[in-house]
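Here's the structure we're looking at; comments come further down.
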Amino acid sequence: MNKILNLLGLAQRAGFIVTGEDNVTNALQKQKLKIVFVAKDASMNTIDKFVKKCYFYKVECNLDYSAEELSSALGKPRKVIGLNDQGFYEALEKLMR
C-alpha cells in the first residue's frame, strides 16, 4: 500500500480523520479541514458535491483513490474522508509532490 494511504491510517489512529459525508461537510463549513479525499468510484453526485464544496472553502480535494483503498487504509468502509491536522497535511503534501 502506498505511503499516503499509510499516513491516512496513522492520522485515523491519532484521531485527525473525519469520515462520512455529513461529518466532512460540517467540518468543511467550520473551516477545520486541510484536505478532503473522495473515492474516485463514489457516485458522480458525491464527487461533484465535494469538489464544489472544497473549491468554495478553499480546501484541497483529492480523487486519486478508490473506496476500497480508502476503506482499507482506515479499516472501515468509507468514500469521503477529511483530514483536520496541519502536521499530517504537510507530510501528505510532501508525499503527493
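When shorter helices are ignored and each DSSP H run of at least 4 residues is given -39500 (n - 2.57), the per-residue value for the chain at 222 nm works out to -16500 deg cm²/dmol. Applying the criteria of a DSSP loop state and at most 11 other Cβ atoms within 10 Å to the trypsin sites (Lys or Arg not before Pro) of region 1-63 yields LYS30, LYS58.
Mind checking which lysines have their C-alpha under 18 Å from LYS52, skipping anything on the same chain fewer than 8 residues away? Within reach: LYS30, LYS32, LYS34, LYS40, LYS79.
Taking all protein chains into account, the per residue accessible area for the chain stands at 58 Å² (1.4 Å probe). What percentage of the solvent-accessible surface of the chain, computed with a 1.4 Å probe over protein heavy atoms, is contributed by carbon and sulfur atoms? Result for the chain: 49 percent of the exposed heavy-atom area is carbon or sulfur. P(r) tail for the chain: Cα pairs beyond 24 Å make up 9% of the total.
For the pair LYS94 and LYS3, the difference between a 0.36 nm per residue extended length and the Cα-Cα distance amounts to 31.7 nm.
Distance between the pseudo-spin-label points of ASP41 and ASP22 (7 Å out from Cα toward the beta carbon): 2.6 nm.
The values are calculated or read from the model by the stated rules, or taken from the named source; none is laboratory data. This structure is a prediction, so every number in the text was calculated from the model and none was measured. Every residue, glycine among them, receives a Cβ derived from its backbone with ideal geometry; neighbour counts consider all protein chains shown. Only protein heavy atoms, including side chains, enter the accessible area calculation; ligands, DNA and RNA are left aside. Shrake-Rupley method; radii C 1.70, N 1.55, O 1.52, S 1.80 Å.
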